[in-house]
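First the structure, in the form of C-alpha cells, and then the observations on it.
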Amino acid sequence: MTDGIAAITARIAELRTRLGQAAPAASTSASGAAFAAKLESARAATSAAPATAPASTTHAHESSPVTGRSKLTGRMRGLINEVDQRFGPFPTIGGWRSDGGIAGGGEHPLGRAADFMLSSGGAMPSAAQRAKGREIAEWITDNADRLGVKYVIYDQKIWNPSRAAEGWRPMENRGSVTQNHYDHIHVSVN
C-alpha cells in the first residue's frame, strides 16, 4: 500500500512541476507511511461508527388529518406516520371509528386499521392519484413484516402476508367507489 501511495505522490509532484505549481508545505511527508497510518485510522473510526439509516424519500409537510388518532394502537399510529411522511399529504386518513363498515366490525373499531384517502367525497381518483395509490400499496406490502401488516385492500383487491404467494386477489363488488377501495388504501395491522 505504501508503494502505491508513494507512486501517487510522485505523480502529483510531477504534474505540479509541469503546471508550475509549488507543492504545499503541509503535504511534504517523507513517505506514504504517515498517510497510510492516517487512512487506516480513519477506516477503523468509520467501521466503529454506528450505521446510519439509508436516505429517506420522505418529504416535509404538515401531518394529514387522522380521525380517531387517540384510539389507534401504537403500531397503527407508527404506520400512519411513516406512510404520511413518505407519501402524504392525504385529504384525510380514516383511523378509529365505532362502525367498522363490515359485518363483525372489522379492524377500525379496534384501532388497528387506517384508510389513506386519495380523493374526497366518494369521487373516483384521477389516473395520477390511482398510480400513487398503487405505489403506496406496494410500498406497504414490501414492508409488511416490519410494519406488522395483517392485510391491505386497494382497487377492489386484497393482499395479506399469509397468502402473499397469491399476490393481490380480486374482491367482490361492494357497490361504490369507496366500498370497493378505489379511492383509498385500507391497511390493517396485527
For region 66-189, give me the percentage of DSSP beta bridges that are antiparallel, rounded to the nearest 5 percent. 90 percent
Between ARG134 and SER70, the two model label points (7 Å from Cα along the beta-carbon direction) sit apart by a distance in nm of 4.1 nm
Need the full-extension length gain, ARG86 to SER120, defined as separation in residues times 0.36 nm minus the C-alpha distance. One decimal, nm. 10.2 nm
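Every number in this text was worked out from the coordinates using simple rules, so none of it is lab data. In this text, all values refer to a predicted model and were calculated from it rather than measured experimentally. Note that we place each Cβ from the backbone using ideal geometry, even for glycine, and neighbour counts take in every protein chain shown.
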